[in-house]
Every structure is written in C-alpha cells, then in structure tokens.
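Enquirer: Below you'll find the structure I mean.
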Amino acid sequence: MQNVLFHWDRENITPRLLIAVGSVTLTWAMIDTDISRALLLFWCQDKPDEPPPRSFDRRIASLMRYAEALYVNEPDERRTFRWYAQRLKQANGLRDSVAHGQPGKITKGRRTYFGLMVPQPSGRTQYVPMKISDVERLAETLGNLHAETVVVSHALWAAQTASSPNRQSFSQIHGKWTKLTKENRSPRLPRWHPPPSTFRG
C-alpha cells in the first residue's frame with residue numbers, strides 16, 4: 001500500500017474556503033429538508049405510527065421505493081426520477097467529504113496536491129483531491145439541485161394526488177381551475193438535466 005502523508009496548515013483555512021464550505025453545508029441542509037418533506041407525503045399514509053428514517057441514505061431509498069410505485073406505468077418519469085436520485089446521492093457523497101474533511105496538502109508517492117483528509121468512523125481514512133474551486137463548483141451544483149428538488153417535490157405531490165382515488169385537488173391549468181388527473185397534472189418531473197443514453201437506472 002502506498003504511503004500517504006498529510007500536512008495541515010491553518011493558512012489553508014482561507015475566507016474563500018470558509019464561504020465555499022458554508023455554501024455547501026447550508027445548501028445541503030435545504031435539500032435535506034425538502035427530501036424529508038417529500039418523503040412525508042407518502043410515509044405518513046403508509047407508516048403513520050413509525051417515524052421516518054434519520055439517515056439521508058435511508059430516506060432517499062424510501063422515497064425511491066415510493067416513486068417507483070407512483071410511476072410504475074410511466075417509464076420516462078421513473079427513469080427521470082432515478083437519474084435525479086443518483087445525482088443527489090453522488091452530490092451527498094461529495095458533501096460528506098467537504099463537511100467532514102480537513103483541508104491540507106496530501107502527498108502520495110511523488111505526487112503532492114491540495115485536498116481533504118476525511119476520517120471514516122469505520123474503515124480507512126480517505127484522501128480526496130479537492131481544490132477550493134472544486135468546493136465552489138459543488139456549492140453551485142447543490143444550488144441547482146436544490147431548485148430541482150423543489151420542483152421534484154411538487155411533481156411527486158401532483159402525481160400522488162392525481163393517482164389517489166379518495167383525494168381531489170384542483171389546479172390552475174391554462175387559467176382555469178381544473179381537477180387534477182394523471183393526464184393533466186402539473187408539474188411533471190423537471191427535465192433540466194436529462195439522463196445520458198448510457199444511464200441504465
């Protein structure tokens with residue numbers, strides 16, 4: 001196994017890094033809250049006497065199961081949701097590194113780079129190459145994911161409401177109050193970042 005050296009220096013904690021890390025952390029908190037609210041749409045009906053899971057991984061897995069059932073006859077919506085969930089999980093992994101990582105210089109063999117040392121509660125410490133510009137890009141990505149999550153939550157509500165025989169809801173469609181159905185519901189899942197042709201989700 002290659003020997004890894006890590007050198008932490010207080011000077012690495014610059015105002016620019018603090019702003020980038022703060023943006024990542026706070027934006028993720030908003031995403032996390034919106035995912036919890038979206039899950040509650042289904043959870044409260046399905047398991048009223050049981051609290052929803054605390055961990056994000058378990059909450060997104062539960063939401064995916066509900067979305068699978070909701071879009072069982074709509075393969076395009078189902079694939080769109082799976083792609084959204086995959087991007088969310090990938091972003092969460094990077095967010096974990098930023099939130100729990102210590103910035104410094106990492107040396108592996110002859111290569112030295114700026115990155116994050118991420119201690120793991122169980123298992124080996126990870127060393128993630130990540131410049132401040134990478135953290136800033138992640139903050140921007142999370143900002144976009146948050147805006148998408150707001151629309152996804154609304155789309156899940158519309159799809160659930162339209163497919164529930166015991167619930168009636170009306171929405172303004174073309175300026176008229178119209179009963180929500182599977183055919184006319186709005187919004188649908190956003191197609192801002194369509195899955196690539198290689199995505200097999």
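The values are calculated or read from the model by the stated rules, or taken from the named source; none is laboratory data. Treat the numbers as computed from the prediction; the structure is a model and nothing was measured. Heads up, the Cβs are rebuilt from the backbone with ideal geometry, glycines too, and the neighbour counts pull from every protein chain shown. The accessibility values were calculated without ligands, DNA or RNA, using every heavy atom of the protein model including side chains. Shrake-Rupley method; radii C 1.70, N 1.55, O 1.52, S 1.80 Å.
Matching residues to (1) more than 23 Å from Ala147 (Cα to Cα); (2) at pLDDT below 80; (3) of a type outside the set (Phe, Trp, Tyr):
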{"position": "Ser164", "(1), (2), (3)": "yes, yes, yes"}
{"position": "Arg167", "(1), (2), (3)": "yes, yes, yes"}
{"position": "Gln172", "(1), (2), (3)": "no, yes, yes"}
{"position": "Gly175", "(1), (2), (3)": "yes, yes, yes"}
{"position": "Thr181", "(1), (2), (3)": "yes, yes, yes"}
{"position": "Trp192", "(1), (2), (3)": "no, no, no"}
{"position": "Ser197", "(1), (2), (3)": "yes, no, yes"}
{"position": "Gly201", "(1), (2), (3)": "no, yes, yes"}
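Enquirer: Just name the residue that is least open to solvent (accessible area, probe 1.4 Å) out of those in segment 1-45 that are more than 19 Å from the chain's Cα centre (by Cα) and under 19 Å from Ala155 (Cα atoms).
Expert: The selected residue is Cys44.
Enquirer: Assess whether Arg185 counts as being modelled with pLDDT of 75 or more, surrounded by 15 or more Cβ atoms within 10 Å (Cβ to Cβ) and assigned to a loop (DSSP other than H, G, I, E, B).
Expert: So Arg185 fits the description; yes.
Enquirer: So, one more: Only residues that are closer than 22 Å to Phe56 by Cα and among the acidic types (Asp, Glu): list them for segment 1-42, please.
Expert: Within segment 1-42, Asp32, Asp34 meet the criteria.
Enquirer: Any idea which residue in segment 95-140 is least open to solvent (accessible area, probe 1.4 Å), counting only those that are part of a strand (DSSP E or B) and among the polar types (S, T, N, Q)? Give the derivation first.
Expert: As a first pass, look at segment 95-140 and keep what is part of a strand (DSSP E or B): 102-108, 111-118, 126-129.
Then drop every residue that is not among the polar types (S, T, N, Q), which leaves 102, 107, 112, 126.
Numbers: Gln102: 77, Thr107: 36, Thr112: 84, Gln126: 90 Å².
Going through the qualifying residues, I end up with Thr107.
Enquirer: Continuing with this model, one more query. How about segment 25-48: which of its residues are farther than 13 Å from Met64 by Cα and of a type in the set (S, T, N, Q)?
Expert: Thr25, Thr27, Thr33, Gln45
Enquirer: Let me ask something additional. Considering only residues that are of a type outside the set (A, V, I, L, M, F, W, C), in contact with a helix residue (DSSP H, G or I) (Cβ under 8 Å, 6 or more places away or on another chain), part of a helix (DSSP H, G or I) and surrounded by 12 or more Cβ atoms within 10 Å (Cβ to Cβ), which ones fall in segment 47-80?
Expert: Across segment 47-80, the qualifying residues are Arg59, Ser62, Tyr66, Glu68, Glu77, Arg78.
Enquirer: Now for a separate question. So which of Phe114, Phe199 is closer than 21 Å to Tyr71 by Cα and among the aromatic types (Phe, Trp, Tyr)?
Expert: After applying the criteria, what remains is Phe199.
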